[in-house]
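Data first, discussion second: the structure below is written as structure tokens.
Since every read-out is calculated from the coordinates, none of them should be taken as a lab result. Not measured: the values here are computed from a predicted model. Counting neighbours? That spans all protein chains shown, and the Cβs are built from the backbone with ideal geometry, glycine included.
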Amino acid sequence: MQWKHFATHAVQQRALSGAEAVNALRPFYFAVHPDFFGKYPKEREVNENSLKRLNGYLENLQKPGSRSVQPMKLTFYIRNTFRSVSFTLHTNDVLSTVMDVLTSCSLPVEHMKGLTASKAASKSPTETGEPFYRTIKWDKSYYTFTGFKDPEQELQQAQRAEPTLWQRSWGVSHRYCQLQSLSRLSHQNPEALINLQHTVVFADQSGMNASGHVMLGTMDVHHQWTKLFEQLPGYRSLQQQTHWLKERISLLLGGTQVVHMDRLGPVQPIAEHYSSLNTFHKRLMSHHLRLHPRSLQGLTMLLEDRSSPSLHEMGHFIIPIKCDLPALQVFLQNHAPEARRRIQRKNLQAEEEAVVKLCLETLSLRSLSKEPSVSPAQMIQCCERLLEQRSPHMQGLQICVSHFYSVMQDGDLCVPWDWKS
């Protein structure tokens, strides 16, 4: 309780975002989600109703100008133990609510320390009455010269890695439960799926991604999925506008096609993708680049939030949304021949598939997969090293090539692509 009091007090200065709340509540969702109670309809109904009410409570707290909400009593059945837990929420901010939920269900809160530390930092020393200390922020060259670790860089790496770990923690068994849940919804409320004429993927949030696939949030319950299905006509309109923007950008950039590849990075919502395209298109319209209408035809580009343009190993350009446009014109013209050579070069994906198949057969692996962020070149290098090693201990393993070491709940053994012997 002492830790809970400290954490709640420390972060009242800033609100916890919806995405942060979802991440923080992962242990809770894993313990009470209705999809895990398929054989127990009574407990499943109790958890589904309580989860619906909890989500509404959190949504009300995130509304602009929200100061207080009515107390809410909730009851949940905990997975595995099947004991029921009842508690009443009196909290007026998202983080306090998250902490109350976790502690009331006797779930760990250690993963909250990073959030509480960052939120507590937003409170000034004059407000806390504590002495003012300021850490020295060294230039990057200091760390290069001395060999010391840059704490800012380590923090950024940890923040990038954390979502990946969470995404991998939901294995095949959880996906199976999601499919069962969607099947149950289609039988209970078939009218809700009338607008669903898309590829469906399970993700951390509900919506539509940049590829036009419908994302069903693994933490959401049926009424949230149904609400998304009702909004699909609006999403399709937004999808059409993104297609129009891509055509306009292609005309202004010598025929280069704007593409999006979910497998190369995190899933991007279509609204975010549209915003990136719209910003880039407006900047192009304010400049007059001198590119022949078909000089870059057959080439492709990705828009990303980065500092400088680059050419990917697969032959597509990676272009910053807010890059210097005259410099971009020079870059595209200078690198177009190399881009065409890389496209025509031996297909890396075909080579990757061949070496993966060879690994499966030679090493007698049960399965061999990879994270979306692992490139074909990295996968090929990893597989070739595995073939050189030929360890008998690998027989029957389920290996997933990633950027970290881990053992997943479904038995997958995650190894970094540049693993050490």
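Quick notes
- Translational diffusion of region 180-243, µm² s⁻¹ [Kirkwood Rh, Cα pairs; Stokes-Einstein; 25 °C; 0.890 mPa s]: 205
- Estimated distance in nm for a label pair at Trp244 and Arg385, the labels positioned 7 Å out from Cα along Cα-to-Cβ: 5.0
- Only the Cβ atoms of Lys and Arg (+1) and of Asp and Glu (-1) were treated as charged; on that basis the dipole of region 362-416 about its Cα centre amounts to roughly 100 debye.
- Over region 18-111, the Kirkwood radius and the radius of gyration, each from Cα atoms, give a ratio Rg/Rh of 0.96.
- Residues His292 and Asn80, FRET efficiency given R0 of 60 Å [Cβ-Cβ distance, rounded to 0.05]: 0.40
- Chain lengthening between Ser186 and Ile343 when straightened (0.36 nm per residue, less Cα-Cα): 52.2 nm
- Given charges at beta-carbon only (K, R positive; D, E negative), |dipole| of region 312-388 in Debye: 180
- Mean Cβ neighbour count within 10 Å, used as a protection proxy, ranking 302-312, 42-52 highest first: 42-52, 302-312
- Estimated translational D of region 362-416 in µm²/s (Stokes, Kirkwood radius over Cα pairs; 10 °C; 1.306 mPa s): 139
- Extending 7 Å from Cα along the Cβ direction at Met285 and again at Glu45 yields two label points whose distance is 5.5 nm.
- Note on region 238-344: Cα Rg divided by 2.2 N^0.38 Å, N the number of residues, gives 1.00.
- Cα centroid of region 213-235 to Cα centroid of region 347-421, whole Å: 35
- The charge dipole of region 18-111, taken about its Cα centre with unit charges on the Cβ atoms of Lys, Arg (+1), Asp and Glu (-1) only, comes to about 280 debye.
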